[in-house]
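This report concerns only the one structure given below.
Just so it is clear, none of the values below were taken in a lab; they were calculated from the coordinates. Model, not experiment: these values are computed from the prediction. In this analysis, Cβ positions are derived from the backbone assuming ideal geometry, glycine residues included, and neighbour counts consider all displayed protein chains.
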Amino acid sequence: MEDEHNQTFESSGQSEKREMSFEMLSGFTKRPDFEANNQKLTIYVEKALMEEIGKLKKERYIKSYSSLVNEAVKQYLTTKR
């Protein structure tokens, strides 16, 4: 009995058994590893600023603290060059 993730294929008259990957079964492609595209940064923020950005996040004005920092650094670099 064949496993649902295994299939037998006919090629050039020979039977070949291949294991179906998650990507093949679902149609989704695997995203690059998070660590391959990002690096951890630990920072200290003034309490008053942290309260303000906490409010922004809670009210969904920002997606995440990381996205805020990324956008702020990009903006800073474009205006300072």
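Quick notes
- Whenever a residue of the range 54-76 is hydrophobic (A, V, I, L, M, F, W, C), its partners that are part of a helix (DSSP H, G or I), lying with C-beta atoms within less than 6 angstrom and at least six residues away or across chains, give the pairs Ile62/Leu56; Ile62/Leu68.
- Take the conditions (1) surrounded by 11 or more Cβ atoms within 10 Å (Cβ to Cβ); (2) part of a helix (DSSP H, G or I); Thr78 misses just one of them, which is (1).
- Restricting attention to the range 55-75 and to residues that are assigned to a helix (DSSP H, G or I) and touching a helix residue (DSSP H, G or I) at 6+ places or on another chain (Cβ under 9 Å), the residue that is surrounded by the fewest Cβ atoms within 10 Å (Cβ to Cβ) turns out to be Leu56.
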